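**Student:** If you scroll down you'll find the structure; I have some questions about it.
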Amino acid sequence: MECCGVLGGSCHALGVQLHRMSTLDLFEDMPPAEEAGQSTIAPGAMLLHGFSLACDAELLQAIEEVLKQAPLRHMVTPGGFTMSVAMSNCGGLGWVSDSSGYRYSERDPLSGQAWPTMPVCCLELAQRAAAQSGYQEFQPTACLINEYVPGAKLSLHQDKDELNFSAPIVSMSLGLPATFLFGTTQRKDRPKRHRLNHGDVVVWGGPSRLAYHGVAPLADGVHPILGHRRLNLTFRCVG
Ligand code: MD3
Ligand code: FE
């Protein structure tokens with residue numbers, strides 16, 4: 001099965017059905033909601049509402065396979081704190097943290113093995129999102145998988161461990177909604193809050209690439225597919 005060959009294909013079909021059932025053709029010229037749903041969070045940061053909805057089941061199945069090989073774990077910061085977000089990776093390089101610092105590693109320190117291959121459906125979806133936001137040649141070498149349970153958070157930080165800041169980072173949100181905190185390149189500036197829902201994909205490039213950002217403690221809730229959890233995937237060009 002092709003993953004997301006047509007963005008929002010299933011919902012588009014539903015839209016057509018509803019349209020046929022309505023007597024008034026008020027919405028004749030309107031695109032389906034998820035195609036209209038593209039907004040700019042900040043210069044260089046494009047939010048594609050519901051971009052991964054049409055293939056969320058396939059995406060999640062692929063990630064579950066990855067997590068069988070490289071289980072989620074709570075990494076320790078160089079300062080000695082255990083992170084509330086559980087993490088794993090796929091692709092040629094994976095982000096790791098321990099008492100000696102943050103870095104990208106070719107191997108999973110838990111197994112000593114290479115990280116699992118980045119699933120093709122995930123890679124292609126990330127590339128389609130990047131292309132739609134103006135990045136035609138996006139070739140991510142790393143995919144970080146973050147799992148949040150209620151209360152888990154990610155403190156304000158910059159992503160600076162990659163060498164290639166001209167490439168964007170593509171993020172995909174799945175499961176429970178999160179309050180994303182987005183600041184500027186200066187830590188002192190108060191971040192703005194944005195809700196990220198299941199299916200949302202954000203392309204973070206240009207001036208937004210080095211902005212401070214974080215995730216507020218996850219509110220409890222139940223998502224029909226993921227239960228009491230949120231997963232976030234970030235696709236990165238490390239080299
Ligand atoms: C803006 N993850 O893994 S995704 C991270 O929801 C991280 O798990 C958050 O921050 C999460 O480093 C946020 C959105 C995101 C990811 C990377 C960015 C936004 C970004 C890098 C630069 C600017
Ligand atoms: Fe980050």
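**Student:** Which members of region 163-177 meet the condition of being surrounded by 15 or more Cβ atoms within 10 Å (Cβ to Cβ), farther than 23 Å from E65 by Cβ and more than 9 Å from ligand 1 (Cβ to nearest atom)?
**Tutor:** Hits for region 163-177 are A167, P177.
**Student:** Which of (1) more than 10 Å from ligand 1 (Cβ to nearest atom); (2) under 16 Å from the mean Cα position of the chain (by Cα); (3) touching a residue at least 60 places away in the same chain (Cβ under 8 Å); (4) more than 25 Å from H74 (Cβ to Cβ) is the odd one out, the single condition R195 does not satisfy?
**Tutor:** Status for R195: all satisfied but (3).
**Student:** Filter region 65-120 down to the residues that are assigned to a loop (DSSP other than H, G, I, E, B) and among the aromatic types (F, W, Y), then identify the one that is surrounded by the fewest Cβ atoms within 10 Å (Cβ to Cβ).
**Tutor:** Ranking the candidates gives F81 first.
**Student:** So G151 clears everything in (1) of a type outside the set (S, T, Y); (2) on the phi < 0 side of the Ramachandran plot; (3) at pLDDT 95 or above; (4) more than 12 Å from the chain's Cα centre (by Cα) except one condition, right? Which one?
**Tutor:** Tallying (1) of a type outside the set (S, T, Y); (2) on the phi < 0 side of the Ramachandran plot; (3) at pLDDT 95 or above; (4) more than 12 Å from the chain's Cα centre (by Cα), G151 fails exactly one: (2).
**Student:** Determine, yes or no, whether L144 is within 10 Å of ligand 1 (Cβ to nearest atom), under 13 Å from the mean Cα position of the chain (by Cα) and of a type outside the set (F, W, Y).
**Tutor:** yes
**Student:** Quick check: is even one residue across region 163-178 of a type in the set (A, V, I, L, M), more than 16 Å from ligand 2 (Cβ to nearest atom) and part of a strand (DSSP E or B)?
**Tutor:** yes
The values are calculated or read from the model by the stated rules, or taken from the named source; none is laboratory data. Everything quoted here is computed from the prediction, not taken from an experiment. In this analysis, Cβ positions are derived from the backbone assuming ideal geometry, glycine residues included, and neighbour counts consider all displayed protein chains.
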